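Enquirer: Okay, here's the structure, questions in a sec.
The values are calculated or read from the model by the stated rules, or taken from the named source; none is laboratory data. Just so it is clear, the structure is predicted and the values come from calculations on it, not from any experiment. Neighbour counts are summed over all protein chains in view; Cβ atoms, including those assigned to glycine, are modelled from backbone coordinates with ideal geometry.
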Amino acid sequence: MTTEYIATIGLEVHVQLKTRTKMFCSCKVEYGAEPNTNVCPVCLGMPGALPVMNEEALRLTALAGLMLDCRIDPVCKFDRKNYFYPDMPKNYQISQYDLPICQGGTVPLHDLAYPKDAQKSIATPNKKIPLVRIHLEEDVAKSFHMENTSGIDFNRAGTPLMEIVSEPDIASAEEAFAYLTVLQQVMIYGGISDADMEKGQLRCDVNVSVRPVGTEKYGTKIELKNLNSISGVRRALLFEIPRQIDFLRKGGTLAQETRRWDDDLGETVLMRIKESAHDYRYFPDPDLLPVRTDGIVAAAKERLPELPWDKRARFVAEYGISDYDAGVLADDLSLSSYFEKAAKLAKKPKSVANWILNDLLSALSGSPVSACKVSPESLAELLDLIEDGTISGRQGKEVFAELFESGKSPKTIVDEKGLRQVSDTSALESFCDEVIAANPGPVADFRSGKTAAINFLKGQVMKLSKGKANPNVIGEILTQKLSA
Ligand code: ZN
Ligand code: MN
């Protein structure tokens, strides 16, 4: 009998905070600036330069902690983590050791956070991944390796960096994907970080081990590096977990190693074997006093936004849309505000949701809703024109296509294209009289009980009106006249 194995995954996520300036100096935080232009003696690590704490970074970290249900103790402090850092000349990183800002907490996973193809087969629905801690530290510089030389850009050095450490409680590649998706949502919702993995604003280290089902002791932990997207994390784990299981089944013994994910190759590749755990000789940074957190937490509480999962529930209750639609809208902060603006103006919020999720999203084909010419106001105006019968649903699609291209107001487009449906009863009544007089056969059929004959007559009226008659109104008039 072959042994069955289970995987245990823990994630360490580094998030660059969205502050104006760096963690311990007043240099600008700016992505893509000319190398080494946002630097000073503090972030260059000059001896004797003194760090000054960025309070906004503390507030944002506390906000992340509040959103994820962490405990925040009355005091936190900063420590030096000593190590040889080629990209950090002072050779220690200011981080937090035994008194981080946030401890504990959970990341609640939900169905739509999973990869699309895995949403129907979630092993543990509504699983909550416990956190160990969230602490604050400084980012290091960035090294570039060229053909014969290497260069270091210190613009990134000293950027406030939040480290979120999960318990090893993630059981699959799909759960890791969902965990990172939720974290990214929370960061964006809180205005804590733009959390763009391509820009390195959210970076993820993965620890993964496997062990036989029914055993208690964790297997040998292997670390994965170089993961540049959430789907990349999933792909790396889908490769690495079976690799470890296969290795053990063949009688091998795994070593504690660090492996690099090669996305082109679709494999993890050995980088180095860890001989021993590092001793970083942490000690309190003598240049920084411990921090009392009460004021910071109070300020963070004032900024606490509605959480994505609360917004989803509220959308269902307030606008009567389906839980699924509410979830898709709430997953994307800008899409959810767009929806809400339009839904408040339109007569039927439900059709606002439908049009956003079908027509608008497919027209956008991946580009952000903020850049689109269809304002929430014009979408609401268009849907109301359909709702009150001014134009038909099919004409609505035509107007939408034009609106998406030109951004003109729906009413203007309807007038320019001459699409307005004729609902004016006196005009329609004379059309109906004309059609009844000209078609004695179908009229007799209808009167003798073949009610479907009315469709032919409706079609004739439609023709006379050149397609502009409101079909519901024609139906009413014809029925009334034929039953008289
Ligand atoms: Zn600086
Ligand atoms: Mn770190």
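Enquirer: Within segment 437-472, how many residues turn out to be under 20 Å from Arg394 (Cβ atoms), among the small types (Gly, Ala, Ser) and at pLDDT 90 or above?
Expert: 1
Enquirer: Also: Taking helices (runs of 4 or more DSSP H) that fall entirely within segment 434-484, which contain at least 1 residues that are crowded, with 17+ Cβ neighbours inside 10 Å, touching a residue at least 60 places away in the same chain (Cβ under 8 Å) and of a type outside the set (Gly, Ala, Ser)?
Expert: On the way: elements: 440-447, 453-464, 471-483.
Where helices (runs of 4 or more DSSP H) fall fully within segment 434-484 and carry at least 1 residues being crowded, with 17+ Cβ neighbours inside 10 Å, touching a residue at least 60 places away in the same chain (Cβ under 8 Å) and of a type outside the set (Gly, Ala, Ser), they are 471-483.
Enquirer: Could you grab me the full set of residues in segment 16-33 that are closer than 15 Å to Leu58 by Cβ, within 15 Å of ligand 1 (Cβ to nearest atom), touching a residue at least 40 places away in the same chain (Cβ under 8 Å) and not hydrophobic (A, V, I, L, M, F, W, C)?
Expert: Thr19, Lys22
Enquirer: Can you find a residue in segment 233-240 that is within 18 Å of the chain's Cα centre (by Cα), among the aliphatic types (A, V, I, L, M) and either crowded, with 19+ Cβ neighbours inside 10 Å or over 28 Å from Tyr31 (Cα atoms) (or both)? Write out each step before concluding.
Expert: First, pick out the residues of segment 233-240 that are within 18 Å of the chain's Cα centre (by Cα): 233-234.
Imposing the further condition that a residue be among the aliphatic types (A, V, I, L, M) reduces the set to 233.
This time we only want the ones that are either crowded, with 19+ Cβ neighbours inside 10 Å or over 28 Å from Tyr31 (Cα atoms) (or both), so: 233.
Taking every residue of segment 233-240 in turn, at least one turns out to be within 18 Å of the chain's Cα centre (by Cα), among the aliphatic types (A, V, I, L, M) and either crowded, with 19+ Cβ neighbours inside 10 Å or over 28 Å from Tyr31 (Cα atoms) (or both).
Enquirer: For segment 157-172, which positions are more than 10 Å from ligand 2 (Cβ to nearest atom) and either out of contact with any helix residue (DSSP H, G or I) (no Cβ under 8 Å at 6 or more places or on another chain) or at positive phi (or both)?
Expert: Ala157, Gly158, Thr159, Glu167, Pro168, Asp169, Ala171
Enquirer: List pairs: first residue in segment 165-187 and touching a residue at least 40 places away in the same chain (Cβ under 8 Å), second residue in a loop (DSSP other than H, G, I, E, B) and of a type in the set (Gly, Ala, Ser) anywhere in the structure, Cβ distance under 8 angstrom, at least six positions apart or on different chains.
Expert: Ala171/Ala123; Ser172/Ala123; Glu174/Ala123; Glu175/Ala123; Leu183/Ala195; Gln184/Ala195; Met187/Ser193; Met187/Ala195
Enquirer: Residues of segment 196-213 being surrounded by fewer than 21 Cβ atoms within 10 Å (Cβ to Cβ) and either within 19 Å of the chain's Cα centre (by Cα) or within 16 Å of ligand 2 (Cβ to nearest atom) (or both), which ones?
Expert: Result: Asp196, Met197, Glu198, Lys199, Gly200, Gln201, Arg203, Asp205, Asn207.
Enquirer: Cβ-Cβ distance below 9 Å, separation of 6 or more or different chains: which pairs start in segment 103-117 with a residue that is under 12 Å from Lys128 (Cβ atoms) and free of Cβ contacts under 8 Å to residues at least 40 places away in the same chain and end on one that is acidic (Asp, Glu) and part of a loop (DSSP other than H, G, I, E, B)?
Expert: That search, which allows pairs on different chains as well, returns Gly104/Asp69; Thr106/Asp69.
Enquirer: Related question: Just checking, does segment 434-454 include any residue being of a type in the set (S, T, N, Q) and under 47 Å from the mean Cα position of the chain (by Cα)? Walk me through how you get there before you give the answer.
Expert: Of the residues in segment 434-454, the ones of a type in the set (S, T, N, Q) are 439, 448, 451.
Next, from what is left, pick out any that are under 47 Å from the mean Cα position of the chain (by Cα): none.
No, segment 434-454 has no match at all.
So that you can scan it fast, the table gives a plain yes or no per residue for (1) under 27 Å from Ala33 (Cα atoms); (2) out of contact with any Gly (no Cβ under 9 Å at 6 or more places or on another chain); (3) of a type outside the set (A, V, I, L, M):
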site: Tyr114; (1), (2), (3): no, yes, yes
site: Ile134; (1), (2), (3): no, no, no
site: Glu147; (1), (2), (3): yes, yes, yes
site: Ile152; (1), (2), (3): yes, yes, no
site: Arg156; (1), (2), (3): yes, no, yes
site: Ser172; (1), (2), (3): no, yes, yes
site: Ile188; (1), (2), (3): yes, yes, no
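Enquirer: Given the condition more than 16 Å from ligand 2 (Cβ to nearest atom), over 30 Å from Trp309 (Cβ atoms) and either at pLDDT 95 or above or not assigned by TED's automatic domain parsing to the domain that holds Arg211 (or both), answer yes or no: does some residue in segment 62-76 qualify?
Expert: Within segment 62-76, the first condition is being more than 16 Å from ligand 2 (Cβ to nearest atom), and the residues that meet it are 62-63, 65-75.
Adding the requirement that they be over 30 Å from Trp309 (Cβ atoms) leaves 75.
Cutting the leftovers down to either at pLDDT 95 or above or not assigned by TED's automatic domain parsing to the domain that holds Arg211 (or both) gives us 75.
Within segment 62-76 (the criterion being more than 16 Å from ligand 2 (Cβ to nearest atom), over 30 Å from Trp309 (Cβ atoms) and either at pLDDT 95 or above or not assigned by TED's automatic domain parsing to the domain that holds Arg211 (or both)), the answer is yes, since at least one residue qualifies.
One line per residue, one yes/no per condition, for (1) in the same structural domain as Val186 (by TED's automatic domain parsing); (2) within 18 Å of the chain's Cα centre (by Cα); (3) surrounded by fewer than 22 Cβ atoms within 10 Å (Cβ to Cβ):
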{"position": "Ser334", "(1), (2), (3)": "no, yes, yes"}
{"position": "Phe339", "(1), (2), (3)": "no, yes, no"}
{"position": "Ala342", "(1), (2), (3)": "no, no, no"}
{"position": "Ser362", "(1), (2), (3)": "no, yes, yes"}
{"position": "Pro368", "(1), (2), (3)": "no, yes, yes"}
{"position": "Lys373", "(1), (2), (3)": "no, no, yes"}
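Enquirer: Out of Leu66, Leu60, Leu136, Leu99, which single residue is more than 16 Å from ligand 1 (Cβ to nearest atom), under 24 Å from Gly327 (Cα atoms) and in contact (Cβ under 8 Å) with a residue 12 or more places away in the chain? Working first, answer last.
Expert: Values: Leu60 fails: under 24 Å from Gly327 (Cα atoms); Leu136 fails: under 24 Å from Gly327 (Cα atoms); Leu99 fails: under 24 Å from Gly327 (Cα atoms).
Exactly one of Leu66, Leu60, Leu136, Leu99 is more than 16 Å from ligand 1 (Cβ to nearest atom), under 24 Å from Gly327 (Cα atoms) and in contact (Cβ under 8 Å) with a residue 12 or more places away in the chain, namely Leu66.
Enquirer: Just the residues that are among the aromatic types (Phe, Trp, Tyr) and in contact with a strand residue (DSSP E or B) (Cβ under 7 Å, 6 or more places away or on another chain), please, taken from segment 232-285. Steps first, answer last, please.
Expert: Of segment 232-285, the ones among the aromatic types (Phe, Trp, Tyr) are 239, 247, 261, 280, 282-283.
Phe239, Trp261, Tyr280, Tyr282, Phe283, listed by residue number.
Enquirer: Can you find a residue that is surrounded by fewer than 19 Cβ atoms within 10 Å (Cβ to Cβ), in contact (Cβ under 8 Å) with a residue 60 or more places away in the chain, more than 16 Å from ligand 1 (Cβ to nearest atom) and not in a loop (DSSP other than H, G, I, E, B) anywhere in segment 151-161?
Expert: Yes: one or more hits.
Enquirer: Still on this structure: Please name all residue pairs, on different chains or six or more residues apart, with Cβ atoms under 8 Å, provided the first residue is in segment 312-325 and is surrounded by 14 or more Cβ atoms within 10 Å (Cβ to Cβ) and the second residue is in a helix (DSSP H, G or I) and of a type in the set (S, T, N, Q).
Expert: Phe315/Ser336; Asp325/Asn354
Enquirer: How many residues are away from ligand 2 (no atom under 16 Å from the Cβ), of a type in the set (D, E, K, R) and either within 29 Å of Phe247 (Cβ to Cβ) or surrounded by 22 or more Cβ atoms within 10 Å (Cβ to Cβ) (or both) if we restrict to segment 2-21?
Expert: Let us first name the residues in segment 2-21 that are away from ligand 2 (no atom under 16 Å from the Cβ), namely 2-9, 18-21.
Subset that is of a type in the set (D, E, K, R): 4, 18, 20.
Next, from what is left, pick out any that are either within 29 Å of Phe247 (Cβ to Cβ) or surrounded by 22 or more Cβ atoms within 10 Å (Cβ to Cβ) (or both): 4.
Residues flagged as away from ligand 2 (no atom under 16 Å from the Cβ), of a type in the set (D, E, K, R) and either within 29 Å of Phe247 (Cβ to Cβ) or surrounded by 22 or more Cβ atoms within 10 Å (Cβ to Cβ) (or both) within segment 2-21 amount to 1.
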